[in-house]
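Working notes, structure below.
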Amino acid sequence: MVDVSKSVSGPEGRLDILTGVNLAVAAGESFAIVGASGSGKTTLLGLLAGLDVPTSGSIRLDGGALEAMDEEERAAVRRRLVGFVFQSFHLLPALTAEENVMLPLELEGNDDARERARVALESVGLGGRRRHYPAQLSGGEQQRVALARAFVHRPRVLFADEPTGNLDQHTGEHVGDLLFELNKTHATTLILVTHDPKLAARCTRSAALHDGRLGVGA
Amino acid sequence: MNVLRLAVRTLRREWHLVELRTLAASLVLAVVALGVVSTLSTRIERGVLASAAELIGGDMGISAPSSLPAPLAEAARNDGLAVTRGATFPSVAFVDQRSQLVDVLASDASYPLRGTLEIRGIDGKDRVAHGPAQGEVYLDHRAMVGLGVQPGQTLQLGGRDLKVTAELMRLPDGGELFALAPRAMMSLDDANAAGLLATGSRARHRLLVSGAPTQVARWRSFVESQTLPQGAELITPEQTQERMRTAFDRASSFLRLTALLSALLAGVAIALAASRYARRKTAEVALLRALGTPRRRVAALLVTTLAALALPAAAIGVALSLALAQGAWYFASQLFAGVPTTLPLGPAFAAAAVGLAVLAGFALPPLVRLAEVPPVAVFRDSVTRRARRFDALYLVPLVVALALVWLQSDSARLAGILAVSLSGVALVAAGLSALLLWVARRVAPGAHPALRLGLAALARRRGLSLIQATALSLGLCALLLLAVVAPALLDGWRRELPADTPNWFALNLQDDQRHSFEQRLGTLGANKLNMLPLAVGKLTAINGRPIDQLTFTDERAREWADRQLRLSWSGDLPPSNKVVQGQWSGASPEEAEVSIDTSWRDMFGLKVGDHMHFVIGESDVEARVANVRQVDWSSFRVNFFLLLDPKHSADLPHTWLASFYLSRGHADDLARLSRDYGNLSLIDVDALLDRVREIVDRVGTAVRWVLGFSLLAGALVLTAALAASAQERRHEAALLRTLGARRGQLRAAAACEFALLGLVAGLTAALGAAGAGLWIGTAIFRIEGFVPPVWPLIGSAALAAFVVMLIGLLGTRRVLRTSPMELLRE
């Protein structure tokens, strides 16, 4: 990420969210972005994952310049390289746990989606809850399904947005353990946005965002 | 917290929401559709009654073969009614050596009391007039040609010399088909002085009155309480112009049907928009409850918000419907000239009341249930406890829909058919959709990715998919009924009146004149000539019991028993007749047989096998009731209540009744024909046919016009259905895009989803419309052999499925453009 800025125009004129952000994350590394609410963490994560494009500057993911791609090309990059974990899980309520996990594989047109989803659910300890709907699962279990969905297609990079933000401390720690364990198993690059200093400390590197500028972390 | 102020503020803040706009638009549309149609129907109905009164020259009257008792006229005058006396009789007019049989109307100077008598004076100018002065006579064109006379000349009638002072252009003619020969009009005093009305003459005396409806009704009761001369008959507007009446009734049913379906469609859109609005408000209500707002206050706020939206929308609907009805009156006023043009306000306000009831019935249940959202839902969306005690509320829309069908259709039968058909469509649509979803879950894993995603999308929103498919099916069914079935019904009706429907009748034709008359018609280019024997007689006994010893519950039976009856005979069952009981006799049964119309069966309580005794001329005829016929009296064909078999009737004294079609522009030829066959009465029914055709055409225009409302209502249903799932779609699209779904994949999935939805809705709607159309066509409009246009229905259903897919895709364009970032921002 080289000299990336992002601004939006709102009812009160132009608003600079990120200014001159430079960042490089190596393959296999785990990197935490911390910062107060409104500091631009989520915007930065969205740009890194190719969900949005910067106003200026350049972002390369696995060698490809995201800002030069159109939305369809970025979608292809996400499908191939990226996994996501969200703060509010974002499971589809009408699909079972297994069907939710199958989604990324189905989008790729995989024939063995169901089998791989079953294995992924077993890896997060929910092999017995495959046919349950999200509403029948606890918050922690829902986030574990989301983890299974994030890793099922073996992404090169995993983006996690406050993955434990909606969970109690104990469940949050358990989900955090699982996240790092899977990350290690799959040798995935992890980019994490969090308020939680303990979770950030488990990453190999971290940086703090303050008023849209990235400071140097540990 | 002032509930009203908060409600208005809420409404202003939320006005941008598509649900609220859909609610308002649906209500306006329901009020406009119902308001315009019922305003128009009310005015047309008034027009029909007024024009029927015009046709008899007064609001009511009485006629008798002898002079009418003086107290009848006195009672009318004393009650403030206008009165005119007159008489009709056949007579022969002479000019030099020429003579012509004419039907004479002798009247006093106040005739007509209703409608207009138009004449062309000696100066060649047309003007409105009343009965002629003493010493004067008016003649119609045929009489003038027949006698070779011009205005200003003199003729002899009843031994008196009368000056022809005008040509009769238009005359309230009583609508009696059998009394329309070349006509002459003279003063009643002259007729009396000439002895034309003396005892023993063939004159029929009449007395007409007009005035306020209550006085007219009072006079009628008075007349009915009096002992009247034998053969006296009441003349009422309702009796006249039966065919016009039938035409109007059908027209009215068509219009009410279209308006009703539009209103129901609007109701479906309201229901969808309201439930969507309720879901959107869940979080807000949970917050209000968490902040301590009592449940009752929340409900009051929701209801007040709805009222604040509904009342202005209903007012706009009333204003629009009055304006549109005024515009539409242009068409109706051309049809019924000269009737009062005041705009009735009642129907538009009644429509507003019905519209508000529809809104309340369809929108209140989800909103009232919303008040049941527990405060704890503020912490977790998924806490949606079902308040079972409010389940019964969902019966309200059903009751409102049924009440609406009942009130608007004005016919329990139509109401029943529509209610059963639409409920059937709803059930089949829901069943088919449920089946589709069940299949979807099973076939999805092996299906094409786009289809799999589409099926998954349908399955994901299972409840909503069922509601959408049902609402779309109902909407499409209503549209297909209007767009495909109604025009087919109109066509069926129009086919009953083809351009060459017989437009002339000739009465009194003698046996020896038949051949030459036929030849003369041939030279004029007439076709469709049909001749039937016509005998006049009386019914004297049933099953051996003299008629005057029998008692009947139906008053009409007594009247018929006193009357001279017209009978005919035929070896073949006439067209537009259907045997409903017994067997058709054929040409030569062993014993004399008679075929009776259903109304005779009902009036006299007759059944197959009974014996009827007639005196025809000087012959006695004892005939067995062989069968009962259902006659389509609106067919413009010559029909008879009683048909004898030819074998036992051919020798009875009779004349012939001919019907034929002759194109226009033969007035002079027919006048000559009438002169050459002095005994003949020629009757022109073109004017009547024209008016019925005109009604059919106007109804066609009106139906197309109302169809516009229905299309709008259909579009609203689709918009509401799409809006109902828009938020879920956006969320899903954002998630799938985040996971890397291509836009094409999402588009293909949406196309599959909507195509499947459209297919279920289209198929169910086509089936429903075909069934309901067949039922309505035969049971309500009584169009013989009506078959709903199956292929156009299937084609329209396929087109509808395609349009649903297209509109669905257009509607999801924004969804497809949803940035995946939305997901991170939630």
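Read the figures in this text as sums done on the coordinates, not as results from a lab. Model, not experiment: these values are computed from the prediction. In this analysis, Cβ positions are derived from the backbone assuming ideal geometry, glycine residues included, and neighbour counts consider all displayed protein chains.
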>> Averaged across A:40-52, how many Cβ atoms of other chains sit within 10 Å of each residue's Cβ atom?
In response: 3
> If R0 is 45 Å, what FRET efficiency do you get for B:Ala315 and B:Ala283 from their C-beta distance, rounded to 0.05?
Replying inline: 0.90
>> Testing the spin-label approximation: label points 7 Å from Cα along Cα→Cβ at B:Val579 and B:Leu799. State their distance in nm.
In response: 4.4 nm
> Placing +1 at every Lys and Arg Cβ and -1 at every Asp and Glu Cβ, with all other atoms neutral, what dipole size does the range B:527-661 have around its Cα centre, in debye to the nearest 20?
Replying inline: 400 debye
>> Using amide H atoms built in the peptide plane, which far-off residues or other-chain residues are under 5 Å from B:Glu136 H to H?
In response: B:Lys163, B:Ser187
>> Using the crude model of +1 on Lys and Arg Cβ and -1 on Asp and Glu Cβ, and no other charge, please compute the dipole size for the range B:60-236 relative to its Cα centre, in debye to 20.
In response: 140 debye
>> At 7 Å along Cα-to-Cβ for each site, give me the label-to-label distance between B:Gln326 and A:Ala201 in nm.
In response: 8.1 nm
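What does the extension gain come out to for B:Phe94 and B:Val536, with contour length at 0.36 nm per residue minus their alpha carbon separation?
Working: separation 442, 0.36 × 442 = 159.12 nm, distance 2.88 nm.
Additional length available on full extension: 156.2 nm.
Could you work out the relative contact order of the range B:551-684? I mean the mean sequence separation of Cα pairs under 8 Å and 6+ apart, divided by the number of residues, in percent. Walk me through the numbers before you get to the answer.
Details: 185 pairs, mean separation 39.1, N = 134.
Relative contact order, the range B:551-684: 29 percent.
With the radius of gyration and the Kirkwood radius both derived from the Cα set of the range B:454-571, what is their ratio Rg to Rh? All intermediate terms of the calculation are to be shown ahead of the outcome.
Values: Rg = 29.3 Å, Rh = 21.6 Å.
Reported Rg/Rh, Kirkwood definition of Rh: 1.36.
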>> What FRET efficiency comes out for B:Ser588 versus B:Leu565 if R0 is 30 angstrom and r is the Cβ-Cβ distance? Round to the nearest 0.05.
In response: 0.85
>> Inside 10 Å of the C-beta atoms of A:70-79, what's the mean count of C-beta atoms belonging to other chains?
In response: 4
> HN-Hα J couplings of the range B:610-624 from phi, Karplus 6.51/-1.76/1.60, θ = phi - 60°, integer Hz, Gly and Pro as x?
Replying inline: 5, 10, 10, 10, 10, 10, 10, x, 10, 9, 9, 10, 10, 10, 8
> How large is ³J(HN,Hα), in whole Hz, for each residue of the range B:761-768 in order, when computed from phi with the Karplus curve 6.51 cos²θ - 1.76 cosθ + 1.60 and θ = phi - 60°, using x for Gly and Pro?
Replying inline: 5, x, 5, 4, 5, 5, 4, x
> Non-local amide H neighbours of B:Ala541 (under 5 Å, H modeled in plane, Pro and chain starts lacking H): which ones?
Replying inline: B:Ile547, B:His613
> For the range B:527-661, what's the radius of gyration and Dmax over Cα atoms, in angstrom?
Replying inline: 14.2, 47
> Using the per-residue mean of other Cβ atoms lying within 10 Å as a proxy for protection, in what order, highest first, do the peptides A:58-65, A:22-29, A:81-88, B:598-605 fall?
Replying inline: A:81-88, B:598-605, A:58-65, A:22-29
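Anything over 30 Å Cα to Cα? Flag those among B:Lys163/B:Lys528; B:Lys125/B:Lys528; A:Lys198/B:Lys281; B:Lys538/B:Lys607, in the order listed.
Values: B:Lys163/B:Lys528 40 Å; B:Lys125/B:Lys528 38 Å; A:Lys198/B:Lys281 38 Å; B:Lys538/B:Lys607 19 Å.
The answer is B:Lys163/B:Lys528; B:Lys125/B:Lys528; A:Lys198/B:Lys281.
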>> Quick one: 3J(HN,Hα) in Hz for the range B:135-143, Karplus 6.51/-1.76/1.60 with θ = phi - 60°, rounded, Gly and Pro as x.
In response: x, 10, 9, 10, 10, 7, 4, 5, 5
> What order, most packed first, do the peptides B:17-27, B:578-588, B:205-215 have when packing is the mean number of other Cβ atoms within 10 Å of each residue?
Replying inline: B:17-27, B:205-215, B:578-588
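For A:Ala187 and B:Leu806, what does the FRET efficiency come to when R0 = 45 Å and r is the distance between their Cβ atoms, rounded to the nearest 0.05? Working shown, then result.
Values: r = 47 Å, r/R0 = 1.05.
Here the calculated transfer efficiency is 0.45.
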> In nanometres, what is the gap between the two model label sites at B:Arg220 and B:Val608, each 7 Å from Cα along Cα-to-Cβ?
Replying inline: 3.8 nm
> Where does each of B:Ile776, B:Ile122 land when they are ranked from fewest to most other beta-carbon atoms within 10 angstrom?
Replying inline: B:Ile122, B:Ile776
> Per residue of B:515-522, how many C-beta atoms from partner chains lie within 10 Å of its own C-beta, taken as a mean?
Replying inline: 0
> Length gain on complete extension for the stretch B:Ser516 to B:Arg170, per 0.36 nm per residue less the alpha carbon to alpha carbon distance?
Replying inline: 121.4 nm
> What is the fewest-to-most order of B:Arg202, A:Arg156 by other Cβ atoms lying within 10 Å of their Cβ?
Replying inline: B:Arg202, A:Arg156
> Tell me which lysines have Cα within less than 24 Å of A:Lys6's Cα, excluding those fewer than 8 residues away on the same chain?
Replying inline: A:Lys41
> From the residues B:Ala75, B:Met186, B:Ser110, which one has its Cα farthest along the dipole of the range B:60-236 in the positive direction, the dipole being from +1 and -1 charges on Cβ of Lys/Arg and Asp/Glu about the Cα centre?
Replying inline: B:Ala75
